[in-house]
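The values are calculated or read from the model by the stated rules, or taken from the named source; none is laboratory data. These numbers were taken from a predicted model, which means no experiment stands behind them. Glycine gets a Cβ as well: all are built from the backbone with ideal geometry, and neighbour counts include every protein chain shown.
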Amino acid sequence: MAQQDQIKWNKKYKTTPSLLKHREPSQKLINLVQNIKKGKALDIACGTGKNSLYLVKQGFKVDAFDISNVAIDSINKKEEKNIFTQVVDLEGFIPKKNHYTLVVMTNYLNRKIIPHLLKALQPEGILYIETYMHHEKNTKPNSNPDFLLQKDELKKFIDSNYKIIEYDEFDNDKEELFRMKKQSIIVKKETII
């Protein structure tokens with residue numbers, strides 16, 4: 001496991017208690033979920049589970065994976081029976097193929113995992129990614145460019161087996177500490193791979 005990443009994130013959750021408080025899921029995810037088939041969902045880099053907990057309330061069974069055991073423990077304390085949590089090093093993680101009706105990755109960027117997330121979708125399954133991008137108006141100091149998307153970058157991961165339903169570039173929520181530009185993409189799996 002990437003022990004340094006785990007130490008960093010555990011420390012961040014312990015020293016910033018507001019991160020452990022209830023937070024609303026992504027508004028774009030809320031809009032998306034209203035119109036898709038319920039089933040098995042995967043929430044990658046789930047943090048304290050804002051999206052996972054919402055998905056359970058909408059009728060999904062959720063696999064919620066994160067590197068921080070502090071974050072995972074906060075989900076487990078809620079005792080939701082339809083969430084399976086696991087501490088996972090996402091750098092080498094490969095989900096089961098053709099297994100999920102919905103895969104969600106928000107506020108996390110691991111370019112190597114995106115092709116595996118696409119393959120994890122069942123036919124007609126949906127991948128939703130929302131994360132930060134490079135932009136001159138970003139106000140977060142010292143952002144690591146490796147963790148920021150370039151303009152239109154998410155589109156480049158999608159091949160002819162998938163259909164882009166929606167792509168967007170937008171400002172992050174006002175409740176976040178820094179003003180950051182984000183990218184989101186909704187992709188549907190068209191064929192069995």
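Name the single residue that is modelled with the highest pLDDT among those in the stretch 179-193 being assigned to a loop (DSSP other than H, G, I, E, B) and either in contact with a Leu (Cβ under 8 Å, 6 or more places away or on another chain) or surrounded by fewer than 18 Cβ atoms within 10 Å (Cβ to Cβ) (or both). Restricting to residues being assigned to a loop (DSSP other than H, G, I, E, B) and either in contact with a Leu (Cβ under 8 Å, 6 or more places away or on another chain) or surrounded by fewer than 18 Cβ atoms within 10 Å (Cβ to Cβ) (or both), the top hit is Glu190.
Residue under question is Leu109, and the condition is that it be touching a Phe, Trp or Tyr at 6+ places or on another chain (Cβ under 7 Å), within 23 Å of Val187 (Cβ to Cβ) and assigned to a loop (DSSP other than H, G, I, E, B); does it hold? Yes; evaluated as a whole, the condition is true for this residue.
For the condition modelled with pLDDT of 90 or more, of a type outside the set (A, V, I, L, M, F, W, C) and farther than 17 Å from Leu32 by Cβ, what is the one hit in Pro141, Pro123, Pro145? From the options Pro141, Pro123, Pro145, the qualifying one is Pro123. For the stretch 148-178, which residues satisfy the criterion of being at pLDDT 90 or above and under 18 Å from Ala45 (Cα atoms)? Hit for the stretch 148-178 is Leu154, nothing else. Scanning the stretch 3-19 for residues that are within 30 Å of Asn161 (Cβ to Cβ) and among the aliphatic types (A, V, I, L, M) turns up nothing. Beta carbons closer than 7 Å, at least 6 apart along the sequence or on distinct chains, never pair a first residue in the stretch 133-162 that is farther than 15 Å from Ile114 by Cα and β-branched (Val, Ile, Thr) with a second that is modelled with pLDDT under 80 and not in a loop (DSSP other than H, G, I, E, B). Please determine whether any residue of the stretch 83-94 is at negative phi, in a loop (DSSP other than H, G, I, E, B), out of contact with any strand residue (DSSP E or B) (no Cβ under 9 Å at 6 or more places or on another chain) and at pLDDT 90 or above. Yes, the stretch 83-94 has at least one match.
The lone criterion from (1) among the polar types (S, T, N, Q); (2) on the phi > 0 side of the Ramachandran plot; (3) in a strand (DSSP E or B) left unmet by Thr101 is number (2). Any idea which residue in the stretch 37-67 is farthest from the chain's Cα centre (by Cα), counting only those that are buried (at least 18 other Cβ atoms within 10 Å of the Cβ) and in a loop (DSSP other than H, G, I, E, B)? Out of the qualifying residues, it is Phe60.
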